[in-house]
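Here's the structure, in structure tokens; my notes come after.
All of the numbers you see were taken from the coordinates with simple rules; none came from a lab. This structure is a prediction, so every number in the text was calculated from the model and none was measured. Using ideal geometry, Cβ is built from the backbone for each residue, glycine included, and neighbour counts are taken over all protein chains shown.
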Amino acid sequence: MPSLHLSGLDTQRYFSAHELARARSFNRGEQALYVLSLAAQVAALVVLVRLLPRSVRSMGLGRIASGIVAGMVLLVTLWFVALPFSLVGLWWQHHWGLGPFDVVAWLVSQWSTLGPEAIFAMATIVLLVGTAGRFRRWWLVAAPIVVVFAAFFAFVSGWLAALASHPLHDPALKADVVRLERIEHVQGTPVRVQDVSSWTDQANAFTVGFGPSTHVVLWDTVLDERFSRAEQNVVIAHELGHVRSRHIPKAIGWTALIILPTLWLLAIATRRRGGVGDPANLPYVFLVLTVLTLLAAPLENAVSRRYEAEADWRALNAMRDPAADTSLFQEFGRSSLEEANPPLLDYLWLENHPTIAQRIAMAQAWEKRNR
Ligand SMILES: [Zn+2]
């Protein structure tokens with residue numbers, strides 16, 4: 001797989017000046033919303049750091065019960081603080097012609113992921129408060145259990161995605177799936193469809209679960225007339241590439257690598273306040289975690305972009321049709337307003353996929369090698 005150099009790709013050859021300007025304006029709005037939402041969440045956490053400890057202590061509950069109450073207050077507060085920014089984001093997409101503005105349909109679509117995420121977060125909170133209250137070097141005890149939680153969550157997510165989707169109906173596309181799975185040696189991986197067109201026109205697909213829970217899910221927006229069958233095949237081949245490269249188990253491996261230093265830093269940061277074992281410190285723990293997540297985001301995105309590039313390369317090898325690749329990414333630029341060449345800060349902190357320019361450059365590199 002070649003590295004992600006742009007090799008002087010001229011985006012003007014693939015997009016008109018008007019298209020590039022549209023994508024730029026749309027993304028500036030998205031970036032502003034991200035920064036504002038993050039600032040609001042940090043502000044909410046600072047307020048909770050000041051207010052919550054007194055309420056938690058005055059409840060007179062035990063450590064674990066206090067941890068559960070404080071954890072719920074935190075999760076619900078953060079969700080409600082983020083909500084207006086999500087809704088403005090939904091409206092912003094609608095404003096740029098990327099779909100209907102249907103708040104109810106969007107909210108309904110959130111539940112299949114929100115519930116499991118909240119359960120995972122609460123289980124982790126109870127684990128951290130419980131172990132930190134009992135052991136001096138609690139991070140050594142908690143780290144492997146967090147990895148088990150993360151693996152279990154990733155595994156179950158595969159089945160949950162299956163519940164929130166339906167099988168492919170198009171016989172031609174079903175035959176393509178069988179063919180591509182044979183080429184990529186991932187026979188029998190279920191490829192399903194999730195209906196999202198009630199709240200967005202943006203196109204997307206993803207791979208969830210691992211082992212027997214592995215599922216590839218295509219948004220129904222990929223299957224509409226905007227995309228040719230060859231372009232839809234590129235999307236499917238890319239997702240099967242993730243399956244073939246075992247990217248989800250590898251992501252769990254990355255969690256295992258970073259969790260110990262993260263918990264250790266949490267212990268250091270909260271030591272003077274009485275440690276993670278005191279549920280009154282949970283808002284402060286969330287604040288430190290938010291900062292650590294922000295600092296780690298460029299590294300996390302770099303790893304993700306590497307895996308995405310690998311899946312792109314596998315799709316090119318499976319399809320042997322770089323023209324379909326290029327036209328797919330052009331369509332992403334046009335119909336999802338993905339920016340061909342985002343600014344550096346956006347690239348480092350927000351882009352977990354190669355840019356459109358990098359993906360087109362890779363298709364060209366493949367063509368050069370295999371001409
Ligand atoms: Zn991908």
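Key figures
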item: With eigenvalues of the C-alpha gyration tensor scaled by 5 and rooted, the chain, Å; result: 39, 23, 20
item: Sequence-distant residues sharing a close amide H with Val193 (under 5 Å, placed H); result: His166, Leu168, Leu218
item: Sorted peptide list for 277-287, 125-135, 149-159, criterion being average Cβ within 10 angstrom, highest first; result: 277-287, 125-135, 149-159
item: Shape of region 101-206, Cα gyration tensor, a/c cut at 1.5; result: oblate
item: Environment charge of Ala17, counting only residues whose C-beta is closer than 15 Å and scoring Lys/Arg +1, Asp/Glu -1; result: +1
item: Enclosed volume per residue, in Å³, of the convex hull spanned by Cα atoms of region 1-123; result: 185 Å³
item: Region 16-67-region 197-263 distance, computed between alpha-carbon centres (Å); result: 26 Å
item: 16 Å reach of a label modelled at Met122, 7 Å along Cα-to-Cβ, counting backbone N of region 38-72; result: 64-72
item: Alpha-carbon centroids, region 112-132 and region 275-313: separation in whole Å; result: 16 Å
item: Rg over Rh [alpha-carbon atoms, Kirkwood Rh] for region 226-316; result: 1.21
item: Order of Leu75, Leu90, Leu299 - criterion: other Cβ atoms within 10 Å of each residue's Cβ, fewest first; result: Leu299, Leu75, Leu90
item: In Hz, Karplus ³J(HN,Hα) per residue of region 143-150 (6.51, -1.76, 1.60; θ = phi - 60°; x = Gly, Pro); result: 4, x, 6, 4, 5, 5, 4, 4
item: Helical mean residue ellipticity (222 nm; -39500 (n - 2.57) per DSSP H run of 4+; nearest 500) of the chain; result: -24500 deg cm²/dmol
item: Relative contact order [Cα under 8 Å, 6+ residues apart], the chain, whole percent; result: 24 percent
item: Percent RCO, i.e. relative contact order, over region 102-240, from Cα pairs under 8 Å lying at least 6 residues apart; result: 24 percent
item: For region 271-371: rounded, prolate or oblate by the Cα gyration tensor [a/c cutoff 1.5]; result: prolate
